[in-house]
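Participant: My questions all concern the structure below.
Since every read-out is calculated from the coordinates, none of them should be taken as a lab result. Just so we're clear, the structure is a prediction, and the values are computed from it rather than from any experiment. Neighbour counts are summed over all protein chains in view; Cβ atoms, including those assigned to glycine, are modelled from backbone coordinates with ideal geometry.
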Amino acid sequence: MSPFDSASEIAAGVRSGDLKAVDVLEQHLARIDARETEIHAFNLVIADAARQQAAAVDAIVAAGGDPGPLAGVPVALKDNMCTRGVPTTCSSKILADWKPPYDGTVVSLLQRAGAVAIGKTNLDEFAMGSSTENSAFGPTRNPLDTDLVPGGSSGGSAAAVAAGFAPLSFGSDTGGSIRQPAALCGVVGVKPTYGRVSRYGLVAFASSLDQIGPFTHTVADAALALQVVCGHDPHDSTSIAEPLPDYSALLERGVEGLRVGRITDLPAGADPDVAERIEQAFDALAAAGATIVDVEVPAFTYGLTAYYIIAPAEASSNLARYDGVRYGLRVDAPDTHAMYSATRAAGFGDEVKRRILLGTYALSAGYYDAYYGKALRIRRLMADDFAKAYAQADVLLTPSSPSVAFPFGSKTADPFAMYLCDTYTIPANLTGEPGMSVPFGTGQNDLPVGVQVLAPALGEPVMLQVAAELERAATDLTAGGAS
Amino acid sequence: MSDRLTNDVVVKVAHLARLDLTPTEIERATEQLGDMLDHFADIDALDLSAVAPMNQPLPFVNVMRDDVVQPCLDRDEVLDAAPEAEDGRFRVPPIIGSGA
C-alpha cells in the first residue's frame, strides 16, 4: 500500500472543508523539494500558478460551492500535453522554448474538476522510448531505486506518483507508455479505449494509437480520474460519442462469475519472477470466484513488428510539422529546404531520428506494400483474434512488462532490446482496446510487478472491476508475507 | 550486418525525411535499421492478401458540423511562437535556392 494520500481522500477532504487545497499543495511541493533533484520527474514545476489555483479551490469551498470531483488534487501532466502559455517541450530540443497558445481538452477538464496542475513531467522525446532515457533534458530516476529506470515513455508521470509528488498524473500511451512505467514504479496506470479521451492538445506521435490516461495509487482513483477526462470532444474527430458509464460502480462487486482469459500462445519473454506473479494473479481471481478460461490470440506474436512499422510510419508524418517555420527551433540556412534539414538534424535526438527514418522507409515507394501495407493487415488479424478471445472471456490477463525495473544503460545499445519492453502492451494500442497495469506484489530485488488487465472496447468498467479485485488480493499478498 | 539495407537507401530516405545526417549517422542508421528489418522478417512469409488493411482501431464515420465560424487561436499569439514572422505571416528563407 502506498504511504501517500489518495486523490479520492484529498478530494473528499477538500470538498468537505476538512482539508485546505493550499495545505495539500504545500505538502506535495515539500516532497518535490526534498527529492526532485534526485528523481527529475519534472521538466517544469509551476508552484506559483498551482498556489493560485489551490487558493481559488479553497475560496469556492469557503463560499459554499463545490470545486468539483478532483477538488484540490495536485496533478502532474506529461510534457506533451498542451498547456496555454506554459512550456510544452515533449522533452525535445526542437520544442524546448515552445509555449502553446491553447490548453488541451484534458488539461481544461482537469482544471474544471478542481484539480491543481503542479508541473510538466519528463518523457522520452516525443514519447518514443520505454525508459525515459531518450529525454533531451536527462533521464528520470525510479523513486523506488534511483539506479533504475522508471520505464517510459511517461516515466516522469509514473515517478511523480510513486514519489508522492502528486497523487494523480497523466501520461500518453502509444504502445505501452502508461502501463509499462506504471508497472516499473509500482502504481496504477490506465490506457483507456481509443477515442474515449480527447487527444486535442496532445502532441501527436502516432495518431491512430495515442491515448491519454491516468497514473494513480489506487484503482478507485483511476476510476475517479477517468470519470473526469473521458467523454466526447468535438475538437477530436476520433472522439467517441457514447455516454459515460459510472467507472466506480463495479469496484466493490468482486469477480464472481466473470471469465478471465489466459492467452495460451502469449509470446515468451517474461522473466520468471514476473511470470510467477501473473500465475498468482490468476489464482487470486479464481479464488475470488472467477472462471479462468484458455484463449488463443495467434496474431499477438506479430504485434511488435506491426507496431514498429505503423507507429514510426505515423510518426514520420506527424513530425514533419517540425520544420522551423511555425514554432520551435530554427537553424538558419540559405534556403528553406536546407533550413528544414538542418533544423530537424539539430532538434531531434537519436531515437526520434531512427523512428522517422524507419517510418519514412516503410512508407516509401517500393517498400510500402512489404512493410506498412502488411502491418495494417496484421492489425486487422489482431483485432479479429481479440474479438474471438473476448467472445470467451470478459477480460484477459498478461504481464504489463516482461521484467521489473532495469538499470540505466542496460538496453540503450540495442534499440530492439528496448522495443521488446512493449511486447505485452502493444496489441491494445493496435486494436484500440483498453488496458491497465495494477501492482501485484514484487519480483526480484523487491521491485514491483504489474499485472495487465485487458478488456474489449469500452470495457473499462469490467477492467476496473477486475483490477480492484487484484488490488485487494495484492494487499493480502503483502499481509500474508508471500515471497 | 543485415543485407536488407544499403547506405544509399538510407541517404535517400533521410532526404525524403528532411534530415541532415553525418556520415557516421548514416553508417549507424544503416546498421540499426537493417537489424530492425531483420527482426521484422517474422512477417515475410505471411500471406495476408485476403486480409483487409486496418488503418484505425474503431469504425469511425465522417464527422460533420454546420459551416459556421468558430472561435480560433489568436493570430498574434500563434505568430509569437514562430522563429520569424512579418506582417502577420510566417517568414522563411528563400524557397528557391541551392537545395532540392
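Participant: From the gyration tensor of the Cα coordinates in the stretch A:167-298, what semi-axes in whole Å does the equivalent ellipsoid have, largest first, with each one equal to sqrt(5λ)?
Facilitator: Taking √(5λ) for each eigenvalue gives 28, 19, 16 Å, largest first.
Participant: What would the Debye formula give as log10 I(q)/I(0) at q = 0.19 Å⁻¹ for the alpha-carbon point model of the stretch B:1-43, no solvent?
Facilitator: -0.53
Participant: Rounded to the nearest 500 deg cm²/dmol, what is the calculated helix-only ellipticity per residue at 222 nm for the protein assembly as shown, with -39500 (n - 2.57) per DSSP H run of length n ≥ 4?
Facilitator: Calculated from helices alone, the mean residue ellipticity at 222 nm is -12000 deg cm²/dmol.
Participant: Could you calculate the FRET efficiency of B:Asp8 with A:Gln392 from 1/(1 + (r/R0)^6), where r is the beta carbon distance between them and R0 is 41 Å, rounded to 0.05?
Facilitator: 0.25
Participant: Here's another thing I want to ask about it. Nothing charged except the Cβ atoms of Lys and Arg (+1) and of Asp and Glu (-1): what's the magnitude of the dipole of the protein assembly as shown about its Cα centre? Round to the nearest 20 debye.
Facilitator: In debye, rounded to 20, the protein assembly as shown gives about 820.
Participant: Determine the sum of side-chain charges near A:Val255: Lys and Arg each +1, Asp and Glu each -1, restricted to other residues whose C-beta is under 13 angstrom from that of A:Val255.
Facilitator: Around A:Val255, the charge tally is -3.
Participant: Can you run phi through the Karplus equation (6.51, -1.76, 1.60; θ = phi - 60°) for the stretch B:76-92 and list ³J(HN,Hα) in whole Hz, with x for Gly and Pro?
Facilitator: Per-residue couplings from phi come out as 5, 5, 5, 5, 4, 7, 6, x, 8, 9, 7, 6, x, 9, 6, 9, 10 Hz.
Participant: Let me ask another. Which far-off residues, 5 or more places away or on another chain, put their amide H under 5 Å from the one on A:Val395, with H placed in the peptide plane?
Facilitator: A:Arg259, A:Gly261
Participant: Something else: Scan the stretch A:246-351 for GluC sites (Glu not before Pro) in coil per DSSP, keeping those whose Cβ has at most 12 other Cβ atoms within 10 Å, and list them by number.
Facilitator: A:Glu252, A:Glu256
Participant: Be a star and scan the stretch A:84-127 for residues whose amide nitrogen sits under 15 Å from the point 7 Å along the Cα-to-Cβ vector of B:Arg28.
Facilitator: none
Participant: By what distance, in whole Å, do the Cα atoms of the stretch A:331-480 stretch along each of the three principal axes, largest value first?
Facilitator: Taking max minus min along each principal axis of the Cα atoms, the stretch A:331-480 gives 68, 38, 24 Å.
Participant: Roughly how large, in nm² to one decimal, is the mean projection of the convex hull of the alpha-carbon atoms in chain B?
Facilitator: In nm², the orientation-averaged hull projection of chain B is 13.2.
Participant: In whole Hz, what ³J(HN,Hα) sequence does the stretch A:318-334 give by Karplus (6.51, -1.76, 1.60; θ = phi - 60°), x for Gly and Pro?
Facilitator: With the stated coefficients, the stretch A:318-334 comes to 4, 7, 5, 6, 8, 10, x, 9, 9, 7, x, 5, 10, 9, 5, 8, x Hz.
Participant: Find the percent of Cα-Cα distances in the stretch A:1-88 that exceed 21 Å, and round it to a whole number.
Facilitator: Of all Cα-Cα pairs in the stretch A:1-88, 35 percent lie more than 21 Å apart.
Participant: Can you compute the radius of gyration and Dmax for the stretch A:265-389, using only the Cα atoms, both in Å?
Facilitator: 21.4, 71
Participant: Sticking with the crude label model, points 7 Å out along Cα→Cβ, report the distance from A:Ala63 to B:Leu73 in nm, one decimal please.
Facilitator: 3.2 nm
Participant: Let me ask you something else. With θ set to phi - 60° and the Karplus curve 6.51 cos²θ - 1.76 cosθ + 1.60, what are the ³J(HN,Hα) couplings of the stretch A:78-88 in order, to the nearest whole Hz, using x for Gly and Pro?
Facilitator: So the J values, rounded to whole Hz, are 4, 7, 10, 9, 5, 10, 4, x, 10, x, 9.
Participant: Hand me the GluC sites (Glu not before Pro) from the stretch B:11-100 located in a DSSP loop with no more than 15 other Cβ atoms within 10 Å, in residue order please.
Facilitator: B:Glu84
Participant: Using the basic label-point model (7 angstrom from Cα toward the beta carbon), what is the A:Thr475 to A:Ser237 distance in nanometres?
Facilitator: Each label point is offset 7 Å from its Cα along the Cβ direction, giving 4.7 nm.
Participant: Within the stretch A:73-130, report the trypsin sites (Lys or Arg not before Pro) that DSSP leaves as loop and that have at most 16 other Cβ atoms within 10 Å.
Facilitator: Answer in residue order: A:Arg84.
Participant: Say each of A:Glu276 and A:Asp246 gets a label point 7 Å from the Cα, pointing the same way as Cα to Cβ; how far apart are those two points in nm?
Facilitator: Calculated label separation equals 4.1 nm.
Participant: A follow-up question, please. Report the calculated FRET efficiency for A:Gln444 and A:Phe408 (r = Cβ-Cβ distance, R0 = 25 Å), to the nearest 0.05.
Facilitator: 0.90
Participant: Please express the Cα-Cα pair-distance distribution P(r) of the protein assembly as shown as a list of whole percents, one per 20 Å bin, running from 0 to the bin with the greatest distance.
Facilitator: Reading the bins upward from 0: 21, 56, 21, 1.
Participant: So if we plug the beta-carbon distance of B:Leu16 and B:Gln56 into 1/(1 + (r/R0)^6) with R0 = 35 Å, what FRET efficiency do we get, rounded to 0.05?
Facilitator: With a Förster radius of 35 Å, E is 0.90.
Participant: Please list the non-local residues whose amide H lies under 5 Å from the amide H of B:Ala85, H modeled 1.01 Å from N, same-chain partners needing a gap of 5 or more.
Facilitator: B:Arg91
Participant: Taking all pairs of distinct Cα atoms, average 1/r, flip it, and tell me the Kirkwood hydrodynamic radius of the stretch A:42-103 in Å to one decimal place.
Facilitator: 13.2 Å
Participant: Taking 31 Å as the cut-off for C-alpha to C-alpha distance, list the pairs among A:Lys191/A:Lys353; A:Lys120/B:Lys12; A:Lys120/A:Lys374; A:Lys374/B:Lys12; A:Lys99/A:Lys191 that go past it.
Facilitator: Correct reply: A:Lys120/B:Lys12; A:Lys120/A:Lys374.
Participant: On to the next question. When the Cα centres of the stretch A:267-300 and the stretch A:1-51 are compared, how far apart do they sit, in Å?
Facilitator: Spelled out, the Cα-based centre of one part sits 36 Å from the other.
Participant: So for chain A: antiparallel DSSP bridges make up what percent, rounded to the nearest 5?
Facilitator: If we restrict to bridges inside chain A, about 65 percent are antiparallel.
Participant: Whose amide H sits under 5 Å from the amide H of A:Gly119, counting only residues 5 or more places off or on another chain, with H placed in the peptide plane?
Facilitator: For A:Gly119, the qualifying residues are A:Ile46, A:Leu77.
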